[in-house]
Amino acid sequence: PEPVLPVKNSPYNKHLERPNGDTSLLANATFVVLCRNSDLGDVLWSVQQMEDRFNKQFGYPWVFLNDEPFTEGFQERVSALTDATISFGTIPREHWVQPEWIDEDRAQEARRQMGMDRAHFIPYGAIFTASDRYRNMCRFNSGFFFRHDLLKPYKYYWRVEPGVRFFCDLDYDPFTFMEHNNKTYGFNIGIYEYKFTILTLWDTVKEFMRENPELIPEDNMMGFISDDAGETYNLCHFWSNFEIGDMDFWRGDAYTRFFDFLDKKGGFYYERWGDAPVHSIAASIFLRKEQTQFFSDIGYRHEPFQICPQGEDWTKRRCSCDPTVNIDKSMSCIPRWEGL
Ligand code: GDP
Ligand code: MN
């Protein structure tokens with residue numbers, strides 16, 4: 001059975017009794033934000049909410065990553081919003097740019113087609129997601145962020161994006177919750193992927209599973225991503241703009257081999273494989289349901305979807321979302337996870 005989420009006076013809140021400045025009861029965890037200098041306004045908005053709703057009581061560090069150096073001005077503004085340790089890193093080039101085994105002509109043609117495919121992409125920003133930068137970003141988030149020097153000291157991370165909303169007070173520590181309950185991956189929204197972005201992803205995953213059966217546990221979460229025992233992908237994925245996870249999972253042997261296998265196939269560039277389906281498929285083939293956590297109490301919005309806690313959860317946590325506005329059940333994959 002799922003453990004009940006902890007509230008005040010729970011073992012996950014022991015840090016509240018700690019003497020000032022003693023961080024020994026915190027988990028080994030950090031926030032991580034990938035962004036550009038031009039995202040400053042949206043970054044400040046996200047950090048301010050996270051600090052006010054949660055982190056000012058806890059003091060977890062922040063790590064900001066960028067493919068270009070952060071400006072002094074960016075660092076000064078963001079630092080002004082938190083008392084916690086904060087660091088700004090540049091991503092090594094070899095973790096970001098298209099690897100040399102990618103055929104640029106073929107990649108360019110794939111971007112061109114996707115940019116033109118208006119029927120499928122206008123609702124979600126056709127031109128932008130067709131870019132090579134977007135593909136670098138997806139590959140970086142899939143296989144590299146947890147290898148950055150600034151993240152190496154940490155085990156748990158909470159991924160935060162510029163311009164998202166955190167609607168509610170958080171009165172417990174989700175990192176120590178993850179630690180004490182042996183959770184590996186936490187999420188709160190799950191949706192369906194655009195098929196045209198991942199045409200050969202599932203065949204590639206099946207090939208990997210055939211070649212590496214010893215890495216795939218029997219009692220995994222295949223039922224979340226496939227309705228026919230692994231024959232086809234149902235396009236479900238956890239929306240990775242929100243993740244609370246254990247980076248040792250991504251750093252481990254199984255995922256490293258999985259990512260390298262996908263990467264060599266080139267689908268990050270020849271199609272538009274996203275970090276959300278890649279992470280979600282990995283979590284589903286390698287993990288048991290008990291190792292994953294649905295953070296239904298963390299009211300959250302990333303355009304164009306949100307989840308808003310209901311009833312007493314809303315009141316107790318002073319949420320600022322309309323509780324009748326929630327991702328439509330027909331668009332959500334979470335019922336599949338709940339039914340596992
Ligand atoms: P979407 O959520 O799929 O629409 O993609 P986003 O535009 O939100 O990008 C996902 C994350 O990557 C966000 O945290 C962005 O700030 C970040 N990001 C996207 N593209 C770039 C880029 O070219 N450089 C940097 N440094 N960050 C990027
Ligand atoms: Mn986003």
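Less than 11 Å Cβ to Cβ from Lys265, Lys/Arg counted +1 and Asp/Glu -1: what total charge do the surrounding residues give?
Its environment carries a net charge of -4.
Which cysteines in the chain lack any other cysteine whose Cβ sits under 4.7 Å from their own Cβ?
Among the cysteines of the chain, those whose Cβ sits 4.7 Å or more from every other are Cys35, Cys138.
Could you tell me which of Phe196, Asn182, Pro61 has its Cα farthest along the dipole of the chain towards the positive end, charges placed at Cβ (Lys, Arg +1; Asp, Glu -1), taken about the Cα centre?
Pro61
How large is the helix-only mean residue ellipticity at 222 nm for the chain, computed as the sum of -39500 (n - 2.57) over DSSP H runs with n ≥ 4, divided by its residue count, in deg cm²/dmol to the nearest 500?
-9500 deg cm²/dmol, from helical runs alone.
Taking the Cβ of Arg93 as the center, what net charge do the other residues with Cβ under 11 Å away carry, scoring Lys and Arg +1 and Asp and Glu -1?
Neighbour charge sum, excluding Arg93 itself: -3.
Amide H neighbours of Ala27 under 5 Å, at least 5 residues apart or on other chains, H built in the peptide plane: list them.
Thr176
Starting from the exponent 0.38 and prefactor 2.2 Å, build the expected Rg for the chain from its residue count and divide its actual Cα Rg by it.
0.98
Taking H placed 1.01 Å from N in the peptide plane, check which residues at least 5 places from Asp227 or on another chain put their amide H under 5 Å from its amide H.
It is Thr232, Asn234, by chain and number.
Give me the net charge of Gly311's neighbourhood, meaning all other residues with Cβ under 13 Å from the Cβ of Gly311; Lys, Arg count +1, Asp, Glu -1.
So the surrounding residues net to -1.
Just so you know, all these numbers are worked out from the coordinates, no wet-lab data involved. Just so it is clear, the structure is predicted and the values come from calculations on it, not from any experiment. We place every Cβ from the backbone using ideal geometry, glycine too, and count neighbours over all the protein chains shown.
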